[in-house]
Amino acid sequence: MGNLPKQLLIGLRLTISIAALALVYTFVITGISQVAFNANANGSLVTVNGKVVGSTLIGQSCPQEKVASDGSLKITIDTRYFQGRLSYTSNATTGTLQPCNAANSAGSNLGPSNPVLKATIKAAVAAYEAAGVSAPVPIDLVTSDFTGFDPNISEAAALAQVNMVASTRSLNPRKVHALVESQVQGRILLVFGEPVVNVLQLNLALDTQQSSLAG
């Protein structure tokens, strides 16, 4: 018992020392990230004319899913823009489907034999084909990812939508095709993953360069 005060003092010193080191470490790492990786450290935000319009990490252009009056499943897409993957995120308060809701990440959790998944894929394929996307429709356009707001699609999925977007906006398909190719991001470190296209960045480039894509 006589050593208790001494042991408590040692424990207190260790606690203060570790807390100080943790605080220093946090400030050092934060400083390095702000200097060397400023955009990444602050959410990879995208700004247009000084206004934040989104993040390269969060998908925005998600097809909308709804049940028609006859009970059939319908997928609606905005043909003015390139579309990302399907999304099963929902409103956390109401529980209703709210595609690309970055505040409530969620996948469908539907297995490959689930009839709901099959119906959704069939409806998405029909929607894209009706919009002018030639068969076979790339698989990433008719399925979701586990987050619910994947920001990227494959190069094939982006190119498949060229005629759809060009037709809706009365643009030159060859020029829109070239725009897509200019937005392709290669493999990480030239090895990992597959080439992808960030849908938000592509759509922003589409709006910015629209006048030069006509004719």
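For the structure I just gave you, tell me whether S61 is within 17 Å of the chain's Cα centre (by Cα), surrounded by 13 or more Cβ atoms within 10 Å (Cβ to Cβ) and farther than 21 Å from V180 by Cβ.
On the way: within 17 Å of the chain's Cα centre (by Cα): yes; surrounded by 13 or more Cβ atoms within 10 Å (Cβ to Cβ): yes; farther than 21 Å from V180 by Cβ: no.
Answer is no for this residue.
In the set L206, L200, which member is more than 18 Å from A131 (Cβ to Cβ), of a type outside the set (S, T, Y) and surrounded by 20 or more Cβ atoms within 10 Å (Cβ to Cβ)? First the steps, then the outcome.
On the way: L206 fails: more than 18 Å from A131 (Cβ to Cβ).
One residue alone meets the criteria, L200.
Inspect all residues belonging to region 114-135 and state whether any of them is in contact with a helix residue (DSSP H, G or I) (Cβ under 7 Å, 6 or more places away or on another chain), of a type in the set (S, T, Y), under 20 Å from G59 (Cβ atoms) and modelled with pLDDT of 95 or more.
Yes.
State all residues of region 92-139 that are of a type in the set (V, I, T) and surrounded by 12 or more Cβ atoms within 10 Å (Cβ to Cβ); if no residue qualifies, say none.
T120, I121, V125, V133, V137, I139
Pairs please, first residue from region 137-157 and in contact (Cβ under 8 Å) with a residue 24 or more places away in the chain, second anywhere and buried (at least 18 other Cβ atoms within 10 Å of the Cβ) and acidic (D, E), Cβ atoms under 7 Å, 6+ apart in sequence or on different chains.
I153/D140; S154/D140; A157/D140
May I ask you to list the residues in region 181-207 that are in a helix (DSSP H, G or I) and free of Cβ contacts under 8 Å to residues at least 40 places away in the same chain?
Residues of region 181-207 that are in a helix (DSSP H, G or I), as a first pass: 181-182, 199-207.
Selection gives E181, S182, A205, D207.
Looking at region 31-47, can you tell me whether even one residue there is touching a residue at least 12 places away in the same chain (Cβ under 8 Å) and crowded, with 16+ Cβ neighbours inside 10 Å? First the steps, then the outcome.
Kept after step one, since they are touching a residue at least 12 places away in the same chain (Cβ under 8 Å), are these residues of region 31-47: 43-44, 46.
Going one step further and asking which of them are crowded, with 16+ Cβ neighbours inside 10 Å, we end up with 46.
The answer is yes; a qualifying residue exists.
If you take the residues of region 1-28 that are small (G, A, S) and at pLDDT below 90, which of them is surrounded by the fewest Cβ atoms within 10 Å (Cβ to Cβ)? Lay out the reasoning, then the answer.
Initially, region 1-28 is screened for residues small (G, A, S), giving 2, 11, 17, 19-20, 22.
Next cut, at pLDDT below 90 only: 2, 11.
Numbers: G2: 5, G11: 10.
Checking each candidate, the answer is G2.
The values are calculated or read from the model by the stated rules, or taken from the named source; none is laboratory data. Quantities reported herein were computed from a predicted structural model and do not represent experimental measurements. Neighbour counts run over all protein chains shown; Cβ positions are idealised from the backbone, glycine included.
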